[in-house]
Amino acid sequence: MSALDVVVDSAVVAKRNLIKIKRVPDLLVATTLSPIMFVLLFAYVFGGAIDPTGGGAAYREFLIAGIFAQTVVFGAVITGAGLAEDVRKGIIDRFRSLPMAPSAVLTGRTLSDVVNNVLVLIVMSLTGLLVGWRINTSFLEALWGYLLLLIFAYAISWVLAFIGLLVPSPEVVNNASFIVIFPLTFVANTFVPLDTLPGPLRVFAEWNPVSSVTEAARNLFGNPDPDPNAVEPTVWSLAHPELYTLIWAAAVLVVFVPLANMQYRRAASR
């Protein structure tokens, strides 16, 4: 098959998944309500404690990029759960019987989730504006910040695609992903500055790619640390967060795109 055939087939599969969201709006509601609640809870429950002098206003600006990063990472679970469900229902076997590019199923699935993440980021941005968050940089810088979040999320979706084809059910995907993703997104600079973490956790958080994509988004949105005495990070991963995020995304894609495609062939033949 030609590259054009792969693109067309991937677009068809992506359309199929987007139509599913339209017909099952609970999927979109679930992915948007959760981050909205996180924004409101962290902004107003913890904001005053972390930033008491400003009533939490500075913390709310600091918070939003972390909520963005956490949400797009958790959003990748939709990829794994959807593929696990397709395997269980025999839909993957039906795809295998069609004259289509094998790689189109996974490519279309992950691309449709990029569209879902765009919708979620729009909803979250509007919620952030309502609680006082502002973008203090140029349009192009802010756009690059959003693109970095989507690139990172796209890479993580291939990890969950591999897991979704490997495990027996969507429930296992959700439970296994939660065990890994939850600490990964919390042991980072998503919600608190790294200075507050103890030694070993701080080292892990400094090299955690979730910290780098969060730091990059904060810099590109112009949302600094609310602590007036905060100093610029010196560790390489956070001193160059954009590059470090891209390196991680590229490494994940190089490893998990072929792994997921191999697992697709095995899962479809069960």
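Details
- Complete set of residues in the range 130-169 that are part of a loop (DSSP other than H, G, I, E, B) and not charged (D, E, K, R): 131, 132, 133, 135, 136, 137, 138, 167, 168, 169
- Every pair of residues 6+ apart whose Cβ atoms lie under 6 Å, when the first sits in the range 177-203 and is in contact (Cβ under 8 Å) with a residue 24 or more places away in the chain and under 11 Å from residue 70 (Cα atoms) while the second is aliphatic (A, V, I, L, M) and outside any loop (DSSP other than H, G, I, E, B): 181/73; 184/210; 185/73; 185/210; 188/205; 188/210; 190/69
- Restricting the range 193-218 to residues that are buried (at least 19 other Cβ atoms within 10 Å of the Cβ) and more than 18 Å from the chain's Cα centre (by Cα), the residue that is nearest to residue 152 (Cα to Cα): 206
- Restricting 78, 36 to residues that are modelled with pLDDT of 75 or more, surrounded by 15 or more Cβ atoms within 10 Å (Cβ to Cβ), within 23 Å of residue 216 (Cα to Cα) and not hydroxyl-bearing (Ser, Thr, Tyr) narrows the list to 36.
- Restricting the range 83-123 to residues that are surrounded by fewer than 21 Cβ atoms within 10 Å (Cβ to Cβ), among the small types (Gly, Ala, Ser) and assigned to a helix (DSSP H, G or I), the residue that is modelled with the lowest pLDDT: 97
The values are calculated or read from the model by the stated rules, or taken from the named source; none is laboratory data. Just so it is clear, the model here is predicted, and its values are computed rather than measured. Cβ sites come from the backbone with ideal geometry, for glycine too, and all protein chains shown count toward neighbours.
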